[in-house]
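Read the structure below first, then the notes.
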Amino acid sequence: MNSTIDWSSFDKYLESNCECSCGVTFQSHAKAVRDGISWTLVSRKPCPKCGKSSDLRSIRSASEDG
C-alpha cells in the first residue's frame, strides 16, 4: 500500500510524530488511507523497530506536540 502513495506533496511539511502499534514513536510523513470500507494510518518511513508502515496507532503533527 505504501509504495502506491505519492508522497511528494508532503515534502514541504515537517514530519509527523507517528506511534506504531508495537509501541515505538518515530518521525515520518503519514496519512490516513481508505482501504475498502475502513481507514488505515500509513507512514512514509517504516517503523524502526518492527519495520511496518501501516500499523500505526496515531499520527500527530510536530506543531501539536511542539
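The values are calculated or read from the model by the stated rules, or taken from the named source; none is laboratory data. Treat the numbers as computed from the prediction; the structure is a model and nothing was measured. A quick note on method: Cβ atoms are made from the backbone with ideal geometry, for glycine too, and the neighbour counts reach across all protein chains shown.
If we keep just the residues of region 6-39 that are more than 13 Å from S54 (Cα to Cα) and hydrophobic (A, V, I, L, M, F, W, C), which is surrounded by the most Cβ atoms within 10 Å (Cβ to Cβ)? Here the residue is F26. When restricted to residues that are farther than 11 Å from S43 by Cβ and of a type in the set (S, T, N, Q), region 6-24 contains 3.
For region 33-66, a residue qualifies if it is modelled with pLDDT under 95, out of contact with any Ser or Thr (no Cβ under 7 Å at 6 or more places or on another chain) and not charged (D, E, K, R), and the qualifying residues are G36, I37, S38, W39, S63, G66. Taken over region 21-56, the criterion of being touching a strand residue (DSSP E or B) at 6+ places or on another chain (Cβ under 9 Å), of a type in the set (G, A, S) and either under 12 Å from I5 (Cβ atoms) or not in a loop (DSSP other than H, G, I, E, B) (or both) is satisfied by S28, A30, A32, S43, S53, S54.
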